[in-house]
Amino acid sequence: MSRKRRASQRKIEADTHYGYSVALSKFINMLMWDGKKSIASRVVYDALDSVAKKRKDKPLVIFNKVITDLSPLVEVKSRRVGGATYSVPSEIRESRRIFLAMGWLINAARKRGSGDMTKKLADEINDVLEERGAAIKKKIDVHKAAESSRAFSHLRF
């Protein structure tokens, strides 16, 4: 961390395909490999369109619901006090919640076995909407870790 000043947030252009969503644009940027943004955006749009056909809802509404459902409320941070290291639960700010949810969704989709990335992402989005799958399991694990470390919450500062 810088001692001089807080790092400034970079502006991300809003996605124009589905109603000017900055979050969707950030998700496409996180999914992108080797600077191939057109491929990443096509994968995301096709996955959202296929889920929207099944669910009979707008793709942007589905995306926002998935990110909201995956966003964790607390996380565990290591804190060193008097020679011992404690896992201290702490609340997460909104931007980090969204970042974690997007990362978990992308990693869970990439680890799925068969098919191309469009199908894997669509299947993972469906699983999140039905509250199952690897991304939801990751969120539950983080919440369980924070719950089990609740006794050390007084060490937070």
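We did not get these values from a lab; they are worked out from the coordinates using the rules stated. All values derive from a computational prediction rather than experimental measurement. Because the Cβ atoms are built from the backbone with ideal geometry, glycine has one as well, and the counts that use them run over all protein chains shown.
So which of Lys26/Lys65; Lys65/Lys137; Lys77/Lys144; Lys11/Lys137; Lys65/Lys120; Lys26/Lys54 end up more than 22 Å apart by C-alpha? With Cα atoms farther than 22 Å apart: Lys11/Lys137; Lys26/Lys54.
For the range 57-124, the fraction of C-alpha pairs more than 21 angstrom apart is 43%.
The GluC sites (Glu not before Pro) of the range 57-157 that meet both conditions, a loop assignment by DSSP and at most 11 other Cβ atoms within 10 Å of the site Cβ, are Glu130, Glu131.
Going from the residue with the fewest nearby Cβ atoms within 10 Å to the one with the most, Ile28, Ile92 rank Ile92, Ile28. As a rough footprinting exposure proxy, the listed residues Val43, Val22, Val142 were ranked by other beta carbons within 10 Å of their own, and the order from fewest upward is Val22, Val142, Val43. Summing charges over neighbours of Thr85, with a neighbour being any other residue whose Cβ is under 13 Å away from its Cβ, gives +3 when K and R count +1 and D and E count -1.
Centre-to-centre, using Cα atoms only, the range 67-137 and the range 1-64 are separated by 16 Å. Quick note on the range 22-155: its Rg to Rh ratio, both from C-alpha atoms and Rh being the Kirkwood radius, is 1.05.
Charged side chains reduced to their Cβ positions (Lys and Arg at +1, Asp and Glu at -1) give the chain a dipole of some 720 debye around its Cα centre. Legend: P(r) of the range 1-69 from all alpha carbon pair distances, 10 Å bins from 0, whole percents, reading 19, 44, 24, 10, 3, 0.
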